[in-house]
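Report on the structure given below.
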Amino acid sequence: MMIKSETRIPQEPVELIYAEMAVRHGGYVMPHPHCHPYFELFYVQSGTCRFFIENNMYDIYSGDFMLIPPDIFHYTRYLSGQCRRNVVHFRKTDLDESVVKLMPQQERFLSATRILQTPEEYREQINALFSKMIRERRLGDPCSQPMLHALLQELFLLCDRQCRLLSNIPEDIHTTDRKIIQAARFISGHYMENVTTADIAAAAGYSPNYLSKKFKSSVGVGIHEYLMFMRLRRAAYELVTTDDLITEIAFRCGFSDSNYFKDAFKKKYGVTPRAYRKQL
């Protein structure tokens, strides 16, 4: 039986709770790495997949949840076999305050990437709940969003009651990608400086050419694109948290040319830095 897969990665803030299911096969990779302005709850119903998230790599398996906060860079790969996964997109306001207070660390639970493991005896209940959410999303009648809101609360309450939060997440999952993690962390620590591919390669212990190929295959984007992502994300943050001149922010975030910064910023966010600041 063929199972239809759905793909939807909106880059604008979501106004509705969204749920989907897809089946991925070994070798499938996302079209591109991304981040988005809403929460994503990723659940592996069966199989396994690999995440690159914020300079770390994680393998997650059947029964595992991955909570991804807004504006977190991530990339998913499916290495072998078949993986059935479910995804829910939602805003913080979609979760009732009473539910958030029951989560581990309460408000802080939503502030970072989290991995939760579901014991096998509870997975059937979780799977059934996801099926209900997907049916409601597809139905799309006036009752669907209130139903999805209620089901989202139930899903988080079940996670709190039945799942185990992994507090000691391994920083590296296997030896072949440790140097890529080193490279990504070097970029995160030095993106505001005038760093080159040679600098990053030296920090990782690879030649520049080999690192470029390896980084692209592991992370999903090239070294320059990842460096640009880190710089632009920081610039977006400073635009709305400081009153500094846009040129000053551009130079402080690693751009040597303010016009190039404005063009790159508009390409990523769809508006100029000045318009972005006014909007927010």
Residue that is surrounded by the fewest Cβ atoms within 10 Å (Cβ to Cβ), among those in the range 247-280 that are of a type in the set (A, V, I, L, M) and under 22 Å from His224 (Cβ atoms):
Ala264
Starting from residues that are touching a residue at least 40 places away in the same chain (Cβ under 8 Å) and surrounded by fewer than 17 Cβ atoms within 10 Å (Cβ to Cβ), keep the ones in the range 189-222 and report whichever is nearest to Val29 (Cα to Cα).
Met192
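Look through the range 1-55, keep the residues that are among the acidic types (Asp, Glu) and outside any strand (DSSP E or B), and return whichever of them is modelled with the lowest pLDDT. Steps first, please.
Initially, the range 1-55 is screened for residues among the acidic types (Asp, Glu), giving 6, 12, 15, 20, 40, 54.
The next check asks that each one be outside any strand (DSSP E or B); those that pass are 6, 12, 15, 54.
On the way: Glu6: 42, Glu12: 52, Glu15: 78, Glu54: 80.
Restricting to residues being among the acidic types (Asp, Glu) and outside any strand (DSSP E or B), the top hit is Glu6.
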Give the residues of the range 101-116 that are closer than 14 Å to Pro69 by Cβ and either over 14 Å from the mean Cα position of the chain (by Cα) or in a loop (DSSP other than H, G, I, E, B) (or both), sorted by residue number.
Met103, Gln105, Glu107, Arg108, Phe109, Ala112, Thr113
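Quick check on the range 79-86. Is at least one of its residues over 22 Å from Leu151 (Cα atoms), surrounded by 15 or more Cβ atoms within 10 Å (Cβ to Cβ) and under 20 Å from the mean Cα position of the chain (by Cα)? If you could, list the steps in order and put the result at the bottom.
Taking the range 79-86 first, the residues over 22 Å from Leu151 (Cα atoms) are 79-83.
If we keep only those that are surrounded by 15 or more Cβ atoms within 10 Å (Cβ to Cβ) as well, we get 83.
Adding the requirement that they be under 20 Å from the mean Cα position of the chain (by Cα) leaves 83.
Within the range 79-86 (the criterion being over 22 Å from Leu151 (Cα atoms), surrounded by 15 or more Cβ atoms within 10 Å (Cβ to Cβ) and under 20 Å from the mean Cα position of the chain (by Cα)), the answer is yes, since at least one residue qualifies.
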So is Ile60 outside any strand (DSSP E or B) and within 15 Å of the chain's Cα centre (by Cα) or not?
no
Of the numbered conditions (1) under 18 Å from Pro69 (Cβ atoms); (2) exposed (fewer than 11 other Cβ atoms within 10 Å of the Cβ); (3) small (Gly, Ala, Ser), Ser98 fails exactly one; give the number of that condition.
(1)
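Scan Gln182, Gln125, Gln153, Gln145 and give me the residue that is in a helix (DSSP H, G or I), under 30 Å from Glu97 (Cβ atoms), touching a helix residue (DSSP H, G or I) at 6+ places or on another chain (Cβ under 6 Å) and of a type in the set (S, T, N, Q). Outline the logic, then answer.
Working: Gln182 fails: under 30 Å from Glu97 (Cβ atoms); Gln125 fails: touching a helix residue (DSSP H, G or I) at 6+ places or on another chain (Cβ under 6 Å); Gln145 fails: touching a helix residue (DSSP H, G or I) at 6+ places or on another chain (Cβ under 6 Å).
Result: Gln153 is the single residue among Gln182, Gln125, Gln153, Gln145 that is in a helix (DSSP H, G or I), under 30 Å from Glu97 (Cβ atoms), touching a helix residue (DSSP H, G or I) at 6+ places or on another chain (Cβ under 6 Å) and of a type in the set (S, T, N, Q).
The values are calculated or read from the model by the stated rules, or taken from the named source; none is laboratory data. Model, not experiment: these values are computed from the prediction. Backbone-built Cβ (ideal geometry, glycine too); neighbour counts: all protein chains shown.
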